[in-house]
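So the structure is just underneath, and the comments pick up after that.
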Amino acid sequence: LLSAFYSARLQLLAFAPGRRTDDAGTPRALLGEAPSRPELVSLALLAGLSVILGVLWLPGGRQVAARATGAALAPGAAWELAVSLATVATGVGAAWFLRQRNALATLGIPEAVRTRTAAWFGLPLLARRVVVQPTLALARALAAFDRHLIEAGVLPTLALARTLATLDGRVVDAGVRGTVRVAAVTSRLLARWGERGIDGLVIFAGRATFAAAHASRVADDAGVDRVVEGLARDVGVVGAQSRRLQTGLSHDYYRLAAAGTVVLVLVAAVAVIFGR
């Protein structure tokens, strides 16, 4: 039924003269362009082959096909032929009825429903708000957190170094002004203690802070950023692969239907074999 309706609708929209619809789906009167001679020859050839193969539906055709192919075909009943022909006629008749009603392009579906269907019922918008935008917000928050963490670790260390340097200078100056010898000895001791103790501690704290900041940046680049980029790339790949199924070509849809039929037959055969 669907194949007959789809094929009849395709032929009427593409080649039948008379009423058509514009790009927005609004009916308007327009004389259809006459098909060229190569197009008519191709259609006639395909139609003739279809009629010849359709003869095999008639009584006695199964035996002819069996002899020609050397294979045994499944038997059929007369009522099956009648039902099949009635189904095809119904599909073609429905397409012709819609054409007469000038609703073949829109199928009589309201514009609001067609608009929502064309927009995939809001699924792209939902994906952008549920997946893409929260992921980008999380990435920005993690980047800000890393930036504040680095600033919070480095600035106090530099302030501590300046304070210790100021304290060291005042103690040395006070010792020098008090007495030359005691000041010299005290200054040397404080200088040695400052170089080996406080300065070493400050340098170690600074290096540790920079090492932690570097490790955090590496973890962010290799972990969070890679996850975000991988998720975005996978969403793009899935979208690109999904669009390949919507070609608008009837032979692509027939190929998908044939593949699905083969899968169903294989599943049924496996079920019968293992069921025994």
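Using a ≥ b ≥ c from the Cα gyration tensor of segment 210-276 (square roots of the eigenvalues), is it rounded, prolate or oblate, where a/c under 1.5 gives rounded and otherwise the larger of a/b and b/c decides, a/b for prolate? Oblate, because a/c is 1.5 or more while a/b does not exceed b/c. Residues with beta-carbon under 13 Å from that of Ala219, excluding Ala219: net charge, scoring Lys, Arg +1 and Asp, Glu -1? Counting the neighbours of Ala219, the net charge comes to -2. The string of couplings for segment 127-140 from the Karplus curve (6.51, -1.76, 1.60, θ = phi - 60°) is 5, 5, 7, 8, 10, 5, 4, x, 5, 5, 5, 5, 5, 5 Hz, one whole number per residue in order, with x for Gly and Pro.
No lab work stands behind these numbers, since they all come straight from the coordinates. Keep in mind that what you see is a predicted model, and the values were worked out from it rather than measured. Note: ideal-geometry Cβ built from the backbone for every residue, glycine included; neighbour counts use all protein chains shown.
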